1. Could you tally the net charge around THR75, taking each other residue with its Cβ under 10 Å from the Cβ of THR75, Lys/Arg +1 and Asp/Glu -1?
2. Could you size up the charge dipole of region 65-138 around its Cα centre, putting +1 on the beta carbon of Lys and Arg and -1 on that of Asp and Glu, and report it in debye to the nearest 20?
3. Net charge within 14 Å of HIS55 by Cβ-Cβ distance, Lys/Arg positive one each and Asp/Glu negative one each, not counting HIS55 itself?
4. Students sometimes get this wrong: rank VAL66, VAL61 by accessible area, probe 1.4 Å, all chains present, largest first.
5. If you project the alpha carbons of region 56-143 onto their three principal axes, what span does each projection cover, largest first, in Å?
6. Which loop-located GluC sites (Glu not before Pro) does region 79-121 contain, where loop means any DSSP state but H, G, I, E or B and the Cβ has at most 13 other Cβ atoms within 10 Å?
Amino acid sequence: MNTELITVGNLPPQIKDAFNISPNSSRKEIRQHILSFEDYLNSLGGAEFEVEENHSFSDGVYVRTVFLKAGNLITGKIHKTEHSNIISMGDVSVLTEFGYERYTVTDRPIIFKSAPWTKRIVFAHKDTSWTVIHPTHETDLVKIEEQVIAKSYEELEQIESQTVFELEVKAQ
(Lines give C-alpha, C1' and ligand atoms only; values in the text may rest on other atoms or scores of the structure.)
Protein backbone atom coordinates (compact mmCIF):
# COMPACT_ATOMS: atom_id res chain seq x y z
CA MET A 1 0.00 0.00 0.00
CA ASN A 2 1.03 3.55 -0.62
CA THR A 3 2.12 5.30 2.58
CA GLU A 4 1.83 8.79 1.10
CA LEU A 5 -1.60 9.75 2.36
CA ILE A 6 -1.56 13.49 1.74
CA THR A 7 -2.25 13.36 -2.01
CA VAL A 8 -5.56 11.70 -2.63
CA GLY A 9 -5.77 12.36 -6.33
CA ASN A 10 -8.82 13.79 -8.00
CA LEU A 11 -11.51 12.76 -5.54
CA PRO A 12 -14.70 14.82 -5.41
CA PRO A 13 -14.29 17.56 -2.74
CA GLN A 14 -17.00 16.13 -0.46
CA ILE A 15 -15.18 12.77 -0.40
CA LYS A 16 -11.63 14.02 0.25
CA ASP A 17 -12.13 14.29 4.04
CA ALA A 18 -12.57 10.52 4.20
CA PHE A 19 -9.06 10.02 2.83
CA ASN A 20 -7.08 13.03 4.09
CA ILE A 21 -4.79 11.69 6.78
CA SER A 22 -1.38 12.96 7.82
CA PRO A 23 1.45 10.78 6.51
CA ASN A 24 2.74 10.76 10.10
CA SER A 25 -0.44 9.15 11.45
CA SER A 26 -0.03 5.89 13.31
CA ARG A 27 -2.00 2.81 12.33
CA LYS A 28 -4.11 3.30 15.45
CA GLU A 29 -4.87 6.93 14.49
CA ILE A 30 -5.92 5.84 11.00
CA ARG A 31 -8.15 3.14 12.49
CA GLN A 32 -9.78 5.80 14.67
CA HIS A 33 -10.21 8.07 11.64
CA ILE A 34 -11.96 5.27 9.73
CA LEU A 35 -14.24 4.53 12.71
CA SER A 36 -15.03 8.24 13.15
CA PHE A 37 -15.80 8.59 9.46
CA GLU A 38 -18.08 5.55 9.69
CA ASP A 39 -19.89 7.22 12.62
CA TYR A 40 -20.25 10.35 10.47
CA LEU A 41 -21.76 8.34 7.60
CA ASN A 42 -24.15 6.63 10.03
CA SER A 43 -25.19 10.02 11.43
CA LEU A 44 -26.35 10.93 7.94
CA GLY A 45 -28.82 8.07 8.07
CA GLY A 46 -26.55 5.30 6.88
CA ALA A 47 -26.28 3.99 3.37
CA GLU A 48 -28.83 5.30 0.91
CA PHE A 49 -28.06 2.44 -1.46
CA GLU A 50 -27.96 -1.31 -1.41
CA VAL A 51 -24.70 -3.07 -2.17
CA GLU A 52 -25.32 -5.92 -4.58
CA GLU A 53 -23.72 -9.18 -3.40
CA ASN A 54 -23.08 -12.60 -4.87
CA HIS A 55 -22.07 -15.56 -2.67
CA SER A 56 -20.38 -18.74 -3.86
CA PHE A 57 -19.16 -21.80 -1.99
CA SER A 58 -16.81 -24.59 -2.94
CA ASP A 59 -14.88 -27.13 -0.89
CA GLY A 60 -13.25 -25.10 1.89
CA VAL A 61 -13.77 -21.73 0.22
CA TYR A 62 -16.31 -18.90 0.55
CA VAL A 63 -16.30 -16.28 -2.21
CA ARG A 64 -18.20 -13.01 -1.83
CA THR A 65 -18.47 -10.51 -4.65
CA VAL A 66 -19.87 -7.03 -4.14
CA PHE A 67 -20.83 -4.61 -6.85
CA LEU A 68 -20.28 -0.96 -5.97
CA LYS A 69 -21.92 1.67 -8.15
CA ALA A 70 -19.90 4.73 -9.15
CA GLY A 71 -20.18 7.35 -6.42
CA ASN A 72 -20.71 4.88 -3.57
CA LEU A 73 -18.74 5.67 -0.42
CA ILE A 74 -18.69 2.89 2.16
CA THR A 75 -16.79 1.58 5.13
CA GLY A 76 -16.09 -2.12 5.37
CA LYS A 77 -16.11 -4.41 8.35
CA ILE A 78 -13.05 -5.42 10.37
CA HIS A 79 -11.70 -8.69 9.00
CA LYS A 80 -10.11 -11.03 11.55
CA THR A 81 -8.00 -12.96 9.07
CA GLU A 82 -5.83 -12.56 6.03
CA HIS A 83 -7.73 -13.03 2.78
CA SER A 84 -7.41 -12.59 -0.97
CA ASN A 85 -9.16 -9.88 -2.98
CA ILE A 86 -9.85 -9.55 -6.69
CA ILE A 87 -11.08 -6.34 -8.27
CA SER A 88 -12.23 -7.53 -11.68
CA MET A 89 -13.61 -4.23 -12.96
CA GLY A 90 -13.78 -0.65 -11.80
CA ASP A 91 -11.86 2.10 -10.10
CA VAL A 92 -11.80 2.62 -6.31
CA SER A 93 -9.94 4.68 -3.74
CA VAL A 94 -9.24 2.73 -0.56
CA LEU A 95 -7.96 3.78 2.86
CA THR A 96 -6.88 1.23 5.46
CA GLU A 97 -4.60 1.56 8.46
CA PHE A 98 -1.80 0.57 6.08
CA GLY A 99 -2.31 3.55 3.79
CA TYR A 100 -4.13 4.90 0.78
CA GLU A 101 -4.34 3.08 -2.53
CA ARG A 102 -6.25 3.59 -5.74
CA TYR A 103 -7.11 0.45 -7.68
CA THR A 104 -7.97 1.09 -11.33
CA VAL A 105 -8.68 -1.96 -13.46
CA THR A 106 -7.53 -1.51 -17.02
CA ASP A 107 -6.86 -4.69 -18.98
CA ARG A 108 -6.77 -7.38 -16.26
CA PRO A 109 -8.10 -7.92 -12.73
CA ILE A 110 -6.16 -6.66 -9.73
CA ILE A 111 -5.39 -9.34 -7.14
CA PHE A 112 -4.04 -8.53 -3.68
CA LYS A 113 -3.93 -9.80 -0.12
CA SER A 114 -5.50 -8.09 2.89
CA ALA A 115 -3.82 -8.30 6.25
CA PRO A 116 -5.74 -9.38 9.35
CA TRP A 117 -7.59 -6.60 11.21
CA THR A 118 -8.18 -4.65 7.99
CA LYS A 119 -11.06 -2.16 7.83
CA ARG A 120 -11.56 0.14 4.85
CA ILE A 121 -13.09 3.32 3.56
CA VAL A 122 -13.88 2.77 -0.13
CA PHE A 123 -14.99 5.27 -2.76
CA ALA A 124 -16.05 3.92 -6.15
CA HIS A 125 -14.99 6.27 -8.96
CA LYS A 126 -16.54 3.85 -11.47
CA ASP A 127 -18.82 0.83 -11.17
CA THR A 128 -16.65 -1.79 -9.43
CA SER A 129 -16.79 -5.54 -8.90
CA TRP A 130 -14.77 -6.62 -5.81
CA THR A 131 -14.39 -10.26 -4.78
CA VAL A 132 -13.15 -11.48 -1.39
CA ILE A 133 -12.04 -15.07 -0.83
CA HIS A 134 -12.14 -16.65 2.65
CA PRO A 135 -11.06 -20.18 3.59
CA THR A 136 -13.92 -21.87 5.46
CA HIS A 137 -15.98 -25.03 5.27
CA GLU A 138 -18.98 -23.11 6.58
CA THR A 139 -21.85 -22.19 4.23
CA ASP A 140 -24.10 -20.32 6.68
CA LEU A 141 -23.46 -16.59 6.08
CA VAL A 142 -24.14 -15.68 9.73
CA LYS A 143 -21.61 -18.25 10.94
CA ILE A 144 -19.07 -17.16 8.31
CA GLU A 145 -19.38 -13.57 9.50
CA GLU A 146 -18.78 -14.72 13.09
CA GLN A 147 -15.62 -16.49 11.89
CA VAL A 148 -14.13 -13.73 9.74
CA ILE A 149 -15.54 -10.42 11.03
CA ALA A 150 -14.78 -8.67 14.32
CA LYS A 151 -17.34 -6.36 15.89
CA SER A 152 -14.57 -4.05 17.12
CA TYR A 153 -10.81 -3.68 17.43
CA GLU A 154 -11.27 -4.33 21.16
CA GLU A 155 -12.65 -7.77 20.32
CA LEU A 156 -9.52 -8.51 18.29
CA GLU A 157 -7.28 -7.28 21.09
CA GLN A 158 -9.07 -9.61 23.53
CA ILE A 159 -8.62 -12.54 21.15
CA GLU A 160 -4.94 -11.67 20.76
CA SER A 161 -4.45 -11.38 24.55
CA GLN A 162 -6.20 -14.70 25.13
CA THR A 163 -4.06 -16.39 22.47
CA VAL A 164 -0.84 -15.01 23.99
CA PHE A 165 -1.98 -16.16 27.44
CA GLU A 166 -2.78 -19.66 26.15
CA LEU A 167 0.62 -19.89 24.43
CA GLU A 168 2.39 -18.78 27.63
CA VAL A 169 0.49 -21.38 29.69
CA LYS A 170 1.26 -24.07 27.11
CA ALA A 171 4.97 -23.15 27.17
CA GLN A 172 5.21 -23.64 30.95
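1. Net charge in that neighbourhood comes out at +1.
2. With Lys and Arg at +1 and Asp and Glu at -1, about 120 debye.
3. Net charge around HIS55: -3.
4. So, going from the largest accessible area down, we get VAL61, VAL66.
5. 34, 27, 20
6. GLU82
The values are calculated or read from the model by the stated rules, or taken from the named source; none is laboratory data. Note that this is a predicted model, so its numbers are computed, not measured. A quick note on method: Cβ atoms are made from the backbone with ideal geometry, for glycine too, and the neighbour counts reach across all protein chains shown. Note: areas computed on protein heavy atoms with side chains; ligands, DNA, RNA excluded. Shrake-Rupley method; radii C 1.70, N 1.55, O 1.52, S 1.80 Å.
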